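The values are calculated or read from the model by the stated rules, or taken from the named source; none is laboratory data. Being a predicted model, the structure only gives us computed values, none of them experimental. Reconstructed Cβ throughout: ideal geometry from the backbone, glycine too, with neighbour counts over all protein chains shown. Ligands, DNA and RNA are stripped out before the accessible areas are found, and what is left, the full protein with its side chains, is counted by its heavy atoms. Shrake-Rupley method; radii C 1.70, N 1.55, O 1.52, S 1.80 Å.
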Amino acid sequence: MRRFGERQLLVATHNAGKLDEMRALLAPYGIEVLGASAAGLPEPAETEDSFLGNARIKARAAMEATGLPALADDSGICVDALDGAPGVYTADWAETGNGRDFGMAMERVQRELDARTAPQPRQAQFRCTLVLIWPDGHEEAFEGVLPGRVVWPPRGADGHGYDPIFQPDGSEQTMAEMTPEQKNSLSH
């Protein structure tokens, strides 16, 4: 594994919540984090059917456009009773003609679980794959899994995405009820 010694890192995301989380995690190391929006980067098409494949697309596109080391993620919630859905299509479930609506996406998860009469607890995992790529083409990939369950109704106002319906194993709170420090201490 290559050690990251650079002072700047481009985080290839347009998601303000993810960018804030990465800045907070990397701040103690003195790394300046730049976002894809600030660099004027478009969002590349995510054409792969795996988290690793889509993270690789985003990291490579950002690195090639800027010449900076780039970190990209692809992540999502995988619900056991939905055969792992929405999985790699997590963001797609939130798409509308006017942007993303995660309230709508969480309602879809609940409707589909109810339609299948899925028993409680409704096991799920947040999965995340990170790809870090340097301008010389060297690449490192990391995968994380946070097991838990889907709860209804949504709880909490912090976090983003599906956080209000995801309760990690061993916690009484959803991810959206946790402080950023609590979330980062166990996050995938």
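Can you tell me which residue within region 89-102, out of those that are out of contact with any helix residue (DSSP H, G or I) (no Cβ under 6 Å at 6 or more places or on another chain) and not in a loop (DSSP other than H, G, I, E, B), is most open to solvent (accessible area, probe 1.4 Å)? Among them, the one singled out is Tyr89. Residues in region 58-85 that are of a type in the set (A, V, I, L, M), under 17 Å from the mean Cα position of the chain (by Cα) and surrounded by fewer than 19 Cβ atoms within 10 Å (Cβ to Cβ): Ala85 alone. Pairing each residue of region 35-52 that is free of Cβ contacts under 8 Å to residues at least 24 places away in the same chain with any residue that is open to solvent by 60 Å² or more (accessible area, probe 1.4 Å) and not in a loop (DSSP other than H, G, I, E, B), provided the two are 6+ apart or on different chains, yields C-beta distances under 9 Å for Ser37/Ala16; Gly40/Ala65; Pro42/Ala65; Pro44/Arg60. Entry remark, region 68-106: residues being under 27 Å from Gly40 (Cβ atoms) and among the β-branched types (Val, Ile, Thr) number 3 in total. Of everything in region 127-161 that is touching a Phe, Trp or Tyr at 6+ places or on another chain (Cβ under 6 Å) and hydrophobic (A, V, I, L, M, F, W, C), the residue that is farthest from Glu6 (Cα to Cα) is Leu146.
With respect to (1) open to solvent by 20 Å² or more (accessible area, probe 1.4 Å); (2) touching a Lys or Arg at 6+ places or on another chain (Cβ under 6 Å); (3) hydroxyl-bearing (Ser, Thr, Tyr), the lone exception for Thr174 is condition (1).
Does Gly97 satisfy the criteria of being closer than 21 Å to Asp163 by Cα and without any contact (Cβ under 8 Å) to a residue 12 or more places away in the chain?
no
Among the criteria (1) in contact (Cβ under 8 Å) with a residue 60 or more places away in the chain; (2) surrounded by fewer than 17 Cβ atoms within 10 Å (Cβ to Cβ), the one Thr117 does not fulfil is (1). Residue count for region 2-36 satisfying the condition of being within 20 Å of Lys183 (Cβ to Cβ), open to solvent by less than 30 Å² (accessible area, probe 1.4 Å) and of a type in the set (Gly, Ala, Ser): 2. Restricting Ala105, Ala124 to residues that are surrounded by 19 or more Cβ atoms within 10 Å (Cβ to Cβ) and in contact with a Cys (Cβ under 8 Å, 6 or more places away or on another chain) narrows the list to Ala124. Per this entry, Asp80 is not counted among residues that are in contact (Cβ under 8 Å) with a residue 24 or more places away in the chain, touching a Cys at 6+ places or on another chain (Cβ under 7 Å) and not hydroxyl-bearing (Ser, Thr, Tyr).
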